[in-house]
Every structure is written in structure tokens, then in C-alpha cells.
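Input: a single structure, listed below in C-alpha cells.
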Amino acid sequence: MEQVDLIWHNGELVAWEDAKVHVLSHGLHYGTSVFEGERAYETPRGPAIFRHRDHLARLLQSAQLYYMPLPYTLEELRTATHELIAANGLRECYVRPLAYRGYGQMGINPLDCEVSVSIAVWPWGAYLGDAAKKQGVRGKISSWRRITGESLIPHAKAGGQYLNSVLAKIESVKAGYEEAILLDSRGFVCEGSGENIFIVRDGEIVTPPQTASILDGISRKSVMTIARDLGYVVIERDLTRSELMLADEVFVTGTAAELVALCEIDDQKIGQGGTGPITAELQRVFEGALRGTEPRYADWLDVVEVPSRASAAT
Ligand code: PPE
């Protein structure tokens, strides 16, 4: 990964190499952490974080669901992120807020371990490879099923839950694919290892509903809004594996991945292969929204208001 100067850790800006935890931290042993993934983009109004408050609200919800009291408010974390981006002189970056149960008590019960919070930012390029945006990526249906609400909390973004995505991702990469697609416990299509999934069939856009144990993706919601604004019918319903294979187009959405087509699934070409026309249109408008060139979605951008060290020096 690309290193920058500073990380925000428990209220202070510390040098990147000094942002450390104790090896007996609860979160390291039991996965008791919650996190977010956000991106800041260079926009005509300056660096801006896409749907920042929505991401932080989800962080707070994830923490609440795991009985983890956060020592900072949403607005404190928001300001800290602005300061951190500016202090590192970044114009575009990925943003990773993390809250974790720290050092103090061993054993499953986390309630006596203090909650620490960090925010890291760094430049992060194309998540699914440089060619992904144009050509799409090859996906594999995972043999691992997505976690269900019977044993974990699919709508929370918690560290331990990601072992599920990690297994699916390893399996797909070792088999020579770029991404894994997980089915839910009922065998319906759920999501990618780090993205939500959509199909296009006969001009209609379909995506699995909340009951499919998906993460309530912020990119997913944004793309649904954009698609409806463009006049498309967007339906949330269960999706079978064969519908995926027979779709005209399939694409995934996520903060890290942005909007990327699946050109093949399990070695079967989807539609004409590559990035289909509706996927390309949605990709164009979504990327415009991210980069502040679609005025209709200007409210989704949280402009970094603190003057950056880099711009102050010029
Ligand atoms: N599902 C999962 C399981 C998931 O991890 C993500 C985000 C999404 C859906 C899409 O959610 P949203 O970003 O709100 O649209 N995955 C994050 C972590 C990726 C990583 O490798 O780390 C991300 O995209 O930042």
C-alpha cells in the first residue's frame, strides 16, 4: 500500500509508523472491530468525500449493533477526517475509519476493553485492476455462502464478519478469477466479496433486497437513485444464479471498486462480454457524481474545508 505521513488515532495525528496496537488487543483476537470504506475525490470544489455522513452513520450503527460505545460523535469524526486529508496534503484518497476493542481484558466478553478509533487515508487505485472499468472482470460463484442474520449481522460492517469475504476472495483468486460472488443461505445471489451486485435484463435493473443478507451499500443506493433518475426501472428482489448467467449485463458497486462490469461468470460470457451499454451509462454518471461533475448529486459530496498543507505551501 502507499504510505502517507499521518494517521488519526484516538484524537491525535500520529506518524504513520507510530499508529500501533498491542498484540493482546481484543479486536485482533476476536474480530471485535467495525469499520468504513470511503473515498475522497478531486472535484471542481476541491477534495470532497463521497457521502461522508452516510458512511459515518453506518459506522455508528455497526458499533451500536456490536455494543461498542464510540468515544466520538459523527461530527467529530467528520472533522477529524477533513483535518487528516488536509494534513497529508491529499487531493484524492481512500478513507478507512476503524473502531476496535483494545487491550485490557482477555476472553470473549469485550465490554471491559476500551474502544479505540483510528482513521487512515491513502491513495488507492483501481481495486479490481486497471482494466476493470473498460473490460469488466471475471467472477466466480463462491462455494462459501454469505453470512446470515441467524449467526451474524449482515448489515454491520464488522471486522470478524469479513472472514467470510476473505475465504470467498481467496477461493476466487486462486482459481484465476478477479472476484467472488456469494449466494445467500437460500441459494439466491447475494453480493461480491466487497461489492453489491446488479443485473440488467430487457432494460430493467434488478438487485437483491435487504433480506438477502447484503451490506446496505452506499454505492448501491446511489446507483439505484441514478438509474431511476435516468428513467430505468430498478427492482429489488431475489435473484437466482441462472438469472445472473442469462443477464444482458451484470455489474457490481462498492466504494473501493466503484462501478465495474462482470464480463464473465464461471467462464460463461455475460451478454456481449465487456462493459454493456447500460452499465457504461451508469458508470459514467456515477463517476461524475463521485467527481463532482454531475450537479444533480452535488449534495452527496462533503467538501474538505480545511486548507491542505499542500495548497497552503503554493
Ligand atoms: N458488500 C460488502 C461485503 C462490502 O464490503 C462492501 C464495501 C459493499 C458491499 C459495498 O458497500 P459501499 O462501499 O457502501 O457501496 N467494501 C469496502 C471494503 C473493501 C475492502 O477490500 O476493504 C469498500 O468498498 O470500501
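The values are calculated or read from the model by the stated rules, or taken from the named source; none is laboratory data. Note that this is a predicted model, so its numbers are computed, not measured. Don't worry about glycine lacking a Cβ; one is built from the backbone with ideal geometry, like all the others, and counts go over all protein chains shown. Protein only, heavy atoms only, side chains kept; ligands, DNA and RNA dropped before computing areas. Shrake-Rupley method; radii C 1.70, N 1.55, O 1.52, S 1.80 Å.
Annotations for the structure displayed:
- Some residue of the stretch 50-70 being free of Cβ contacts under 8 Å to residues at least 24 places away in the same chain and out of contact with any helix residue (DSSP H, G or I) (no Cβ under 8 Å at 6 or more places or on another chain): yes
- Per-region count, the stretch 48-69, residues open to solvent by less than 70 Å² (accessible area, probe 1.4 Å) and basic (Lys, Arg): 2
Conditions (1) open to solvent by 20 Å² or more (accessible area, probe 1.4 Å); (2) away from the ligand (no atom under 14 Å from the Cβ); (3) within 21 Å of residue 239 (Cβ to Cβ); (4) polar (S, T, N, Q), marked per residue:
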residue	(1), (2), (3), (4)
138	yes, yes, yes, no
142	no, no, yes, yes
147	yes, no, yes, no
155	yes, no, yes, no
161	no, no, no, yes
173	yes, no, no, no
179	no, no, yes, no
187	yes, yes, yes, no
192	no, no, yes, no
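- Members of the stretch 4-27 that are assigned to a strand (DSSP E or B) and not acidic (Asp, Glu): 6, 7, 8, 9, 13, 14, 15
- Enumeration of residues in the stretch 10-33 that are surrounded by 14 or more Cβ atoms within 10 Å (Cβ to Cβ) and under 16 Å from residue 86 (Cα atoms): 13, 14
- Here residue 200 clears all of (1) within 16 Å of the ligand (Cβ to nearest atom); (2) touching a residue at least 60 places away in the same chain (Cβ under 8 Å) except the condition numbered (1).
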